[in-house]
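Read the figures in this text as sums done on the coordinates, not as results from a lab. These figures come from a predicted structure and were not determined experimentally. So basically every Cβ, Gly included, is an ideal-geometry build from the backbone, and we count neighbours across all protein chains shown.
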Amino acid sequence: MTAWEPMLHALVTERYPRLLARARMLTVSKAEAEDLVQEAIVATFAKPRRFASLAQAEQYVRRAIVTHSMDASRKAVLERERWDRAPVTTASGDLAAGVASSVDAVAALRGLPPRVRACVALRYLEDLSIAETARQLDLTEGAVKRYVSDGLAVLNARLGTEASAGDSDHAVVDIRKGAVK
């Protein structure tokens with residue numbers, strides 16, 4: 001058994017539900033979240049690393065989850081752009097016929113740019129402060145405030161809500177009702 005195997009085993013056995021919960025906030029389905037956690041764990045332990053504690057290993061994987069999520073989002077945006085450039089026709093000729101009339105919070109959140117979505121998710125879904133979010137994403141606090149403000153503006157427009165980032169450290173986000181309060 002190599003030196004990293006016990007740490008990997010402990011991480012997967014003890015911390016997997018927390019890692020999955022974090023990934024679930026950044027994805028649309030449980031299956032995508034499971035894949036994201038798997039990718040982050042593989043990326044973390046593919047290179048020889050020495051972690052002083054299980055908490056340190058978990059933190060590294062949590063960061064890898066966000067990074068892999070942002071990378072996947074960038075790829076998805078590029079793919080959507082390619083499809084948008086392709087000519088689209090429908091049997092009825094009405095392009096809007098297949099589009100749903102309402103937008104839910106998860107779809108609205110998914111439509112945000114990767115970095116903006118990560119900031120909004122960490123701030124309001126994981127309830128991190130501006131400073132903690134900045135540390136998690138390796139950004140300045142000012143950048144996090146800007147991304148959160150931009151993200152809330154887009155979510156408000158899409159959901160018909162009136163949430164504001166304000167100066168408070170907390171906001172209420174109710175995904176089940178499709179509202180940001």
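Peptides 30-38, 42-50 ranked from most to least packed, by the mean per-residue count of other Cβ atoms within 10 Å: 30-38, 42-50.
For Ala157 and Val77, what is the calculated FRET efficiency with R₀ set at 22 Å and r taken between the beta-carbons, to the nearest 0.05? Working shown, then result.
Numbers: r = 19 Å, r/R0 = 0.85.
It comes out at approximately 0.70.
Need the full-extension length gain, Ser149 to Ala52, defined as separation in residues times 0.36 nm minus the C-alpha distance. One decimal, nm.
On the way: separation 97, 0.36 × 97 = 34.92 nm, distance 3.66 nm.
Taking Ser149 through Ala52 to full extension adds about 31.3 nm, to one decimal.
Under 14 Å from the Cβ of Asp71, count the other residues' Cβ atoms, weight Lys and Arg +1, Asp and Glu -1, and hand me the total.
Values: positive: Arg63, Arg74, Lys75, Arg115, Arg117; negative: Glu32, Asp35, Glu39, Glu79.
Spelling it out: positives minus negatives among the neighbours equals +1.
Charged neighbours of Tyr147, selected by a Cβ distance under 12 Å, balance to +3 (K, R count +1; D, E count -1).
So, counting K/R as plus one and D/E as minus one, what does the shell of residues with Cβ under 13 Å around Gln38 add up to? In short, -3.
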